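Engineer: One structure follows; several queries about it will come next.
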Amino acid sequence: MSIAVVWTLIAMHLAQPLWAQQSSSDLVPYGALKGEDFTWRESWRLIASQWLHVKFPHMLLNVLIIAVVGQALERVIAPWRVVFVALAGGAVGQLLTVTAHPDAFISGASQAYAALCGFALVCVKPSQYGWWVAVIGVVVAAYLDLVVSSDHALKVGHIAPFVFGVSAGLALSSWGRPRASR
């Protein structure tokens, strides 16, 4: 939900219609980054950029997947762990994207959603609605990367956070099963 609030506030600050595409360069003052300009002094951007989106439909997809999968995870895992996996996995994805594509602007929560989807596939039962939304989220991300994007390849910014989420789920499972569904 906070992603949609940030979108709205930035659109208002930029005096744009709510559904209008936001320019990547306009998002830099708010926390988006350009790979070649990234320095460790600005590491905060690896987190802040996750709340920023260029396209309204992309933002909505991220909000919906994060909300549904996050809620399913919070039924079986402590909420702070869900937030940690989303933010840490998202930051890993942002950092690897900066490294792999220094000429690109970096923003969006797809990396966080990929981490949550990987986490949910391990920690949420397949009988739960949230597990299926995580599967759909993974399929949609793969489709967008392989079919819609110009390079027709899975993005490191999606793969690495997904692996991070799966790994976090497996680590949690090895320390003891998550608390039972409510």
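The numbers here are math on the coordinates, done by the rules we state, and not lab data. Treat the numbers as computed from the prediction; the structure is a model and nothing was measured. As a convention, Cβ positions derive from the backbone with ideal geometry for all residues, glycine included, and neighbour counts pool all protein chains shown.
Engineer: Note down the magnitude of the dipole of segment 2-174 about its Cα centre, charges +1 on Lys and Arg C-beta and -1 on Asp and Glu C-beta and zero elsewhere, to the nearest 20 debye.
Structural biologist: It works out to roughly 440 debye.
Engineer: Taking amide H positions as placed in the peptide plane 1.01 Å from N, state which residues far from Lys34 in sequence (5 or more) or on other chains have amide H under 5 Å from it.
Structural biologist: Ile106
Engineer: I'd like the orientation of helix 79-100 relative to the chain: the angle between its Cα long axis and the longest Cα principal axis, in ° from 0 to 90, rounded to 10.
Structural biologist: 50
Engineer: Just from its helices, what would the mean residue ellipticity at 222 nm be for the chain, if runs of 4 or more DSSP H residues each count -39500 (n - 2.57) and the sum is divided by every residue, rounded to the nearest 500 deg cm²/dmol?
Structural biologist: Only helices count here, giving -19000 deg cm²/dmol.
Engineer: Suppose R0 equals 22 Å; then what is the FRET efficiency for His13 and Val54 from their Cβ-Cβ distance, rounded to the nearest 0.05?
Structural biologist: After rounding, the FRET efficiency stands at 0.90.
Engineer: Say we join alpha carbon atoms closer than 10 Å with springs in a Gaussian network model of the chain; which of Ser43, Ser127, Ser24 then has the biggest fluctuation?
Structural biologist: Ser127
Engineer: I would also like to ask the following. Based on Cα positions only, what radius of gyration and what Dmax would you give for segment 46-182, in angstroms?
Structural biologist: 14.2, 46
Engineer: Rank the residues Leu27, Leu33 as a footprinting-exposure proxy: fewest other Cβ atoms within 10 Å of their Cβ go first.
Structural biologist: Leu27, Leu33
Engineer: Continuing with the same structure: So if a site counts as exposed when it's one of the chymotrypsin sites (Phe, Trp or Tyr not before Pro), its DSSP state isn't H, G, I, E or B, and it has at most 12 other Cβ atoms within 10 Å, what's the longest stretch of the chain without one?
Structural biologist: Result for the longest clean stretch: 45-174.
Engineer: Testing the spin-label approximation: label points 7 Å from Cα along Cα→Cβ at Trp175 and Glu36. State their distance in nm.
Structural biologist: Roughly 4.2 nm, to one decimal.
Engineer: Next up: What's the Kirkwood radius of segment 1-124 in Å, using all Cα pairs?
Structural biologist: Value: 14.7 Å, from the Cα pair sum.
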